Amino acid sequence: MSTLPDVLPRDEYNQTLVSNVHPPDWKNPEPSGRYNLVVIGAGSAGLITAAVAAGLGAKVALIERHLLGGDCLNVGCVPSKGLIRGSRMVAEARRAAELGLRPPGDADVDFGEAMRRVRRVRARISHEDSAARYRDELGVEVYLGDARFTGSDTVEVDGKTLRFKKAVIATGARAAAPPIPGLAEAGYLDNETLFNLTERPGRFGVIGTGPIGCEMAQAFRRLGSRVTAFDVSDHILPREDADAAEIVQARFREEGIDLVLGCSLQEVEVRSGEKVIHSACADGGSRQVTVDEILVGVGRAPNVEGLGLETVGVEYDARRGVHVNDYLQTSNPRIYAAGDVCMRRKFTHAADAAAKIVVQNALFLRTARLSSLVMPWCTFTDPEVAHVGLYAHEAAEQGIELDTYKVPLAEVNRAVTDGEDEGFVKIHTKRGADKILGANIVATHAGEMISEITLAMVAGVGLGKILGVIHPYPTQAEGIKRAAGAYTRTRATPFVKKALSRWMALRR
Ligand SMILES: Cc1cc2nc3c(=O)[nH]c(=O)nc-3n(C[C@H](O)[C@H](O)[C@H](O)COP(=O)(O)OP(=O)(O)OC[C@H]3O[C@@H](n4cnc5c(N)ncnc54)[C@H](O)[C@@H]3O)c2cc1C
């Protein structure tokens, strides 16, 4: 049996969480016969793989060494979005006077209460991923313990040997640790420890301004920390559409987040109990920032160690993780992989989609391909930044010519009525056609809006057709329809316009 996880603080909510996703009194089953599928790791990828396969009648073993639900439930999507909800509420309360509500004094933030709610929400959701539910409702044999391959068709866990026809590696990833001198000695938080906090750090340093760093920098700032965010890049969200990142960056500055950009971290020093971060900047300058806590969010390292991958001939490396082909098959044809351990796009919905590909290919005909997926994603800052398909620079690299239709939210009535008009809808089509190749949306709820474009791309619905789709007025999704209108106007060639005018003249 694996060591019992200690999720801090040990309150009623975390006890509920642990009793669901790593029950202290759990008895592992006795393996009998051969499994159709042995799944290692019970995060988003492993859970979906196991549930779908068992639902189709397969005999499935699911092995988890820590907490079922993996990163997403325990230390990722769920707690981060719970915290962001609280921080948005605080930001809205601060703007309340503008909307006619006189707040009772300056909005007072109870950080401890905000974190308690995060734990409560997580505990509530944890039933869905519980070991008992997987065993009793879904028919999956759940093992708690550290798994490793021991032979060509065997996995060992808790001293038991499980035989498999096919196996799936879904062991996920963890926060990568940057090699900054003094950082480890000074101590820092990552996503595994961040949500254990019960007290607000007064001064909060965030290393890395990718999605996780940005989401948490803004949330902590709004909840009252003085936040400094560091990146070697000269702007935040370096992988995002530059126009989108610029809007969020301007918002961060307005909200008082200190951005130390274009600077590389040289050292972290501890002085009288405070952490001093030294950085050297591209412009020749340097910065020294003193903080109470540091959050590291500089990327993810795949969990490939200790799995006995060499024993079964599965190729991997420490950066990309397990190597897979388009069918998510590893270099051992009987072993597949899914989720953060092998994929570039590290999202829960990507892991979910990959799990379904693996079930199809491992248990039925090998026909499902990773490259066929249309993958949206969203960074849950305020405003949110959502994306699907190609970025303009990717299209340029691939020699694909685009037409781009951009509608500022300042032209969308609902965004104006709601005071949420910083943002845009940008849709790329194939040059001269209405086939949608990609989109970026910056809006308060861009994550909800992007699904309309994703659906259109999956269903092969062109941008012209979207103009004919009635959108309720007033909604921010009308920005998408307006982009469709912009496309349709380009169709009205001078010849068509002239012909129409003549016809209208005849009808007068
Ligand atoms: C702070 C944060 C916020 C995020 N927010 C979002 C978001 O809003 N939306 C989104 O889509 N994605 C988000 N993500 C990403 C998302 O959490 C991951 O993409 C997703 O959890 C990947 O699922 P997975 O199953 O591949 O891996 P994981 O969730 O990491 O699960 C892998 C599991 O395997 C187990 N394991 C590892 N090795 C072994 C072994 N040898 N034996 C047994 N078990 C093992 C681990 O304990 C773990 O439980 C966020 C991530 C973080 C860190």
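The values are calculated or read from the model by the stated rules, or taken from the named source; none is laboratory data. The structure presented is a predicted model; accordingly, all values stated were derived computationally and were not measured. Note that each Cβ is placed from the backbone with ideal geometry, even for glycine, and that neighbours are counted across all protein chains shown. Side chains are part of the model used for accessible areas, which takes the heavy atoms of the whole protein and leaves out ligands, DNA and RNA. Shrake-Rupley method; radii C 1.70, N 1.55, O 1.52, S 1.80 Å.
Some points to look at:
- Of all the criteria given as (1) within 26 Å of the chain's Cα centre (by Cα); (2) in a loop (DSSP other than H, G, I, E, B), the one not satisfied by residue 452 is (2).
- Residues of the range 142-152 satisfying the condition of being open to solvent by less than 50 Å² (accessible area, probe 1.4 Å) and within 33 Å of the chain's Cα centre (by Cα): 142, 143, 144, 145, 147, 149
- Long-range neighbours under 9 Å by Cβ, at least six apart or interchain, first residue under 18 Å from residue 318 (Cβ atoms) within the range 157-182, second more than 15 Å from the ligand (Cβ to nearest atom): 177/183; 177/184; 178/265
- Single unsatisfied condition, residue 396 versus (1) over 30 Å from residue 100 (Cα atoms); (2) open to solvent by 70 Å² or more (accessible area, probe 1.4 Å); (3) touching a residue at least 24 places away in the same chain (Cβ under 8 Å): (3)
- Inter-residue pairs, beta-carbon under 8 Å, first on the phi < 0 side of the Ramachandran plot and in the range 352-377, second modelled with pLDDT under 95 and part of a loop (DSSP other than H, G, I, E, B), 6+ apart: none
- Some residue of the range 351-365 being part of a loop (DSSP other than H, G, I, E, B) and either farther than 29 Å from residue 387 by Cα or not aliphatic (A, V, I, L, M) (or both): yes
- Just so you know, in the range 229-248 the residues that are outside any helix (DSSP H, G or I) and open to solvent by less than 10 Å² (accessible area, probe 1.4 Å) include one that is nearest to residue 262 (Cα to Cα), and it is 230.
- Within the range 66-81, the presence of a residue that is more than 14 Å from the ligand (Cβ to nearest atom) and either open to solvent by 50 Å² or more (accessible area, probe 1.4 Å) or within 23 Å of residue 198 (Cβ to Cβ) (or both) is excluded.
- Scope the range 459-508; condition open to solvent by 100 Å² or more (accessible area, probe 1.4 Å) and in contact (Cβ under 8 Å) with a residue 24 or more places away in the chain; matching residues: 465, 473, 482, 491
- Qualifying residues in the range 7-39 (those that are of a type outside the set (S, T, N, Q), part of a helix (DSSP H, G or I) and surrounded by 17 or more Cβ atoms within 10 Å (Cβ to Cβ)) - the one farthest from the ligand (Cβ to nearest atom): 13
- Candidates 61, 42, filtered to the one that is surrounded by 23 or more Cβ atoms within 10 Å (Cβ to Cβ), in a loop (DSSP other than H, G, I, E, B) and either at positive phi or within 14 Å of the ligand (Cβ to nearest atom) (or both): 42
- Some residue of the range 78-92 being in contact with a His (Cβ under 9 Å, 6 or more places away or on another chain) and modelled with pLDDT of 95 or more: no
- Single condition residue 109 does not satisfy, out of (1) under 21 Å from residue 295 (Cα atoms); (2) out of contact with any Asp or Glu (no Cβ under 7 Å at 6 or more places or on another chain); (3) at pLDDT 95 or above: (3)
- Sole exception among (1) part of a helix (DSSP H, G or I); (2) without any contact (Cβ under 8 Å) to a residue 12 or more places away in the chain for residue 333, by number: (1)
- Criterion: within 16 Å of the ligand (Cβ to nearest atom) and modelled with pLDDT under 95 - qualifying residue of 177, 170, 219: 177
- Exactly one residue among 163, 174 is open to solvent by 60 Å² or more (accessible area, probe 1.4 Å), in contact with a helix residue (DSSP H, G or I) (Cβ under 8 Å, 6 or more places away or on another chain) and in a strand (DSSP E or B), and that residue is 174.
- Top-ranked residue of the range 323-361 - restricted to ones that are away from the ligand (no atom under 16 Å from the Cβ) and in contact with a helix residue (DSSP H, G or I) (Cβ under 8 Å, 6 or more places away or on another chain), ranked as farthest from residue 50 (Cα to Cα): 326
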